[in-house]
Amino acid sequence: MAPIDAPWAPVDTEVDYAEVERRHPAFRAFGARLGGTPLVEAPGPAGGAAVLAKCEWHNPEGSIKDRVAYALIGAALHEHGQRPVEELRVLEYSGGNLSRALSGLCQGLGIAARFVLSSASPRSLLDTLEERGARFDLVDKDLGFIEVISTALAIAEKEPDWTLLYQHRNSANPAFHARTTGAEIVDALAARPGGRTPDAWVASIGTGGTLIGVLRALRARFPGVRAVGVCPSELPYGSPQPPNGLPKYGGSGGFGHGLKQPFVAAHDAEIEHRNVSYPRCLDLMAEYRDLTGVRIGSSAAANWAVAREIAASLPPTSTVLTVFPDAGTPEEWERIG
Ligand SMILES: Cc1ncc(COP(=O)(O)O)c(C=O)c1O
């Protein structure tokens, strides 16, 4: 059986986050600092559409995955009910940012946290996890992210006292993006002089939670908006090639072997796909910093590249929306210089 189709029931419960916040002050404190991030105009092509980007490093732990950490822990605490919080032990796999966010949230709540990560994870992340008392296992990067997921699934099966959050299957992930990230974008567009109707929504695919969740909120208001998913050229969405250990831009990418992220596969007919290589992302990070004085991460650079391409094919009255998931790792900025 393909690992992503493992027999774990997708978590599909409606979560009352306000109720969970009332029970857990540390969860409430994290929630109070979450979201409300700025939608800014990014440099676009001369004579083309405007590019608007939601800047997610303003979240408490510095990335868009802070929203997902809150959503998944909220769902787990909702399921856990009135039992002592210390009895909840959280297991998740991560490309990096989610484990950072979860480790902070779990430390505040007094919940044990355990992660499965790629051996390519930056030292700065592993240091943070260690400082916060989170346990982690590293999987050989050459086996690809699918093996990171499979390892977490195997642990969850063998050791059922660990609760797997399962970001690729947990509907709290896209649902929370629809309700916060997407809703905030809709509000920000309405607040612009004369209001704005977006023509396209561009987002990098890790789980696809951002792409699909925000799309849900946008299409409810603007049914005609195009959706464009972005992946690393080194392993595109749905690629039939086997996984590889090539460096890729952050938090994103296909699984290999023709496998597809379930949230995205459910909308295959509605999504266009573009790919960007890691060396190009590093160049674009430097270009964006030099143009604006602002540091964006590698997946943000990929989104910016594709948003600009699409904006170049549209008139100046059009709007292309995208997201800047984080501001990059210290290791990437050291490389860029
Ligand atoms: C830096 C970065 N960009 C993009 C993504 C993709 O987000 P999603 O899982 O919502 O597709 C992630 C996810 O971990 C990420 O860390």
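Applying 1/(1 + (r/R0)^6) with R0 = 22 Å to the Cβ-Cβ distance of Gln107 and Leu138 gives a FRET efficiency near 0.60. Label reach from Val40 (point 7 Å along Cα→C-beta): in segment 287-301, amide nitrogens under 12 Å belong to 288-297.
Can you compute the charge dipole magnitude of segment 66-164 about its Cα centre, using +1 on each Lys and Arg Cβ and -1 on each Asp and Glu Cβ, nothing else charged? Give it in debye, rounded to the nearest 20. Kindly include the intermediate steps, with their values, before the conclusion.
Details: 10 positive and 15 negative charges, 45 e Å.
The calculated dipole for segment 66-164 is roughly 220 debye.
Between His78, Gly47, Ser63, the Cα set farthest toward the positive side of the dipole of segment 47-89 (charges on each charged residue's Cβ, about the Cα centre) is that of Gly47.
Measuring between their Cα centroids, segment 70-135 and segment 161-195 lie 20 Å from each other. Rolling a 1.4 Å probe over the protein heavy atoms gives the chain an accessible area of 40 Å² per residue. With a 1.4 Å probe and every protein chain kept in, tell me what percent of the accessible surface of segment 231-311 is carbon plus sulfur. Carbon and sulfur together cover 54 percent of it. What share of Cα pairs, in percent, lie more than 22 angstrom apart in segment 66-164? Counting every Cα pair in segment 66-164, those more than 22 Å apart make up 24 percent. Using all pairs of distinct alpha-carbon atoms, the Kirkwood hydrodynamic radius of the chain works out to 20.0 angstrom. Solvent-accessible area of segment 66-164 (1.4 angstrom probe, protein heavy atoms only): carbon and sulfur portion equals 46 percent. In segment 190-312, a dipole from Cβ-located charges (positive for Lys and Arg, negative for Asp and Glu) runs towards its positive end, and of Val276, Gly238, Val225 it is Val225 whose Cα lies farthest in that direction. Once the C-beta distance of Asp283 and Arg28 is scaled by a Förster radius of 35 Å, the resulting FRET efficiency is 0.25 to the nearest 0.05. Proximity of backbone amide H atoms, modeled 1.01 Å from N, is registered between Gly96 and no other residue at under 5 Å, excluding neighbours fewer than 5 places apart on the same chain.
The values are calculated or read from the model by the stated rules, or taken from the named source; none is laboratory data. A quick note: this is a predicted structure, and the numbers were derived from the prediction, not measured. Here Cβ is always computed from backbone atoms with ideal geometry, including for glycine, and neighbour counts include all displayed protein chains. Ligands, DNA and RNA are stripped out before the accessible areas are found, and what is left, the full protein with its side chains, is counted by its heavy atoms. Shrake-Rupley method; radii C 1.70, N 1.55, O 1.52, S 1.80 Å.
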